[in-house]
1. Say we look at segment 153-173 and pick out the residues that are among the small types (Gly, Ala, Ser) and not in a loop (DSSP other than H, G, I, E, B); which of these is nearest to Thr110 (Cα to Cα)?
2. Which pairs do you get when a residue that is more than 23 Å from Val138 (Cβ to Cβ) and among the basic types (Lys, Arg), found in segment 14-25, comes within reach of a residue that is at pLDDT 85 or above and surrounded by fewer than 18 Cβ atoms within 10 Å (Cβ to Cβ), reach meaning Cβ atoms under 9 angstrom, with the pair 6+ apart or on two chains?
3. Taking segment 23-48 as the search range and keeping residues that are among the hydroxyl-bearing types (Ser, Thr, Tyr) and modelled with pLDDT of 95 or more, which one is nearest to the chain's Cα centre (by Cα)?
4. Which condition number in (1) loosely packed, with under 14 Cβ neighbours inside 10 Å; (2) farther than 27 Å from Leu36 by Cα is the one that Ser124 fails?
5. Those residues that are within 18 Å of the chain's Cα centre (by Cα) and at pLDDT below 85, I need them from segment 79-98; list them, please.
6. Just to verify a result, which residue in segment 128-152, among those that are in a strand (DSSP E or B) and over 13 Å from the mean Cα position of the chain (by Cα), is nearest to Val21 (Cα to Cα)?
7. Return the residues of segment 143-158 that are buried (at least 20 other Cβ atoms within 10 Å of the Cβ) and more than 21 Å from Lys55 (Cα to Cα); say none if nothing qualifies.
Amino acid sequence: MMKGLIIKDKIPQMMKGYPTVSDKYNVAGGIVGGTLPLNFGDLVAYSSTPGYYVKAVGTSLPAAGLAGLVVATNVKLVRQYANGNSANAETLVGEAFNLLLDGYIAAEVTITANTYTYIAAGKSVYYKLGASASDPIVLADSSVGTAALTGYVFTGIYDVIDSTHVLAEIKVK
């Protein structure tokens, strides 16, 4: 585990949704469908319209299946709220985004056990369904109540976010 690359923790090692090996990834273009905007690093599902993807939410896996993770872009502006607080850089419905096909990415992972052995190098990445129809389907570290994502493995590199989440490097192949 490492908090930062340079000057202690001033430059973070990983940022959610950003590639961790900058020239070793492939993406496909997609358009946000459905009604929910996407944030960098969100898990998306296929929709009934080719080329359109929806935020993966709910208590069951979407019929069309999970498509992958939204890759951050360097040119997406952050929206400003009236009170001056910034929101995440959202990709709104109808806008284009990049979907990771293969490569390395930093993703938020929900911890399902009190151990970090599940995010060791080469271990499978799982998904965990939402507790309600509007809750996002999230990445998880173990198979308790979840299923494995085909071709997704942990590299063993991670940063602790809080007591229930880590930012982990994932290899998609």
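1. If we take residues in segment 153-173 being among the small types (Gly, Ala, Ser) and not in a loop (DSSP other than H, G, I, E, B), then Ala168 is nearest to Thr110 (Cα to Cα).
2. Close Cβ pairs satisfying both conditions: Lys24/Asp102.
3. Filtering segment 23-48 for residues among the hydroxyl-bearing types (Ser, Thr, Tyr) gives 25, 35, 46-48.
After this cut, where a residue has to be modelled with pLDDT of 95 or more as well, the list is 35, 46-47.
On the way: Thr35: 19, Tyr46: 15, Ser47: 18 Å.
Here the residue is Tyr46.
4. (1)
5. Matches in segment 79-98: Ala87, Asn88, Ala89.
6. Of the residues in segment 128-152, the ones in a strand (DSSP E or B) are 128, 136, 138-140, 146-152.
Still in the running and over 13 Å from the mean Cα position of the chain (by Cα): 146-148, 150-151.
Details: Thr146: 28, Ala147: 26, Ala148: 23, Thr150: 21, Gly151: 17 Å.
Here the answer is Gly151.
7. Listed by number, the residues that qualify are Phe154, Tyr158.
Yes/no matrix, rows are residues, columns are (1) over 20 Å from Pro37 (Cβ atoms); (2) out of contact with any helix residue (DSSP H, G or I) (no Cβ under 7 Å at 6 or more places or on another chain); (3) without any contact (Cβ under 8 Å) to a residue 40 or more places away in the chain; (4) among the hydroxyl-bearing types (Ser, Thr, Tyr):
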position: Glu95; (1), (2), (3), (4): no, yes, no, no
position: Leu129; (1), (2), (3), (4): yes, yes, no, no
position: Ser134; (1), (2), (3), (4): no, yes, no, yes
position: Val153; (1), (2), (3), (4): yes, yes, yes, no
position: Ser163; (1), (2), (3), (4): yes, yes, no, yes
position: Leu167; (1), (2), (3), (4): yes, yes, no, no
position: Val172; (1), (2), (3), (4): yes, yes, no, no
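The values are calculated or read from the model by the stated rules, or taken from the named source; none is laboratory data. Note that the structure is a prediction, hence the values are computed from the model and not measured. For neighbour counting, all protein chains shown are included, and Cβ atoms are generated from backbone atoms with ideal geometry for every residue, glycine included.
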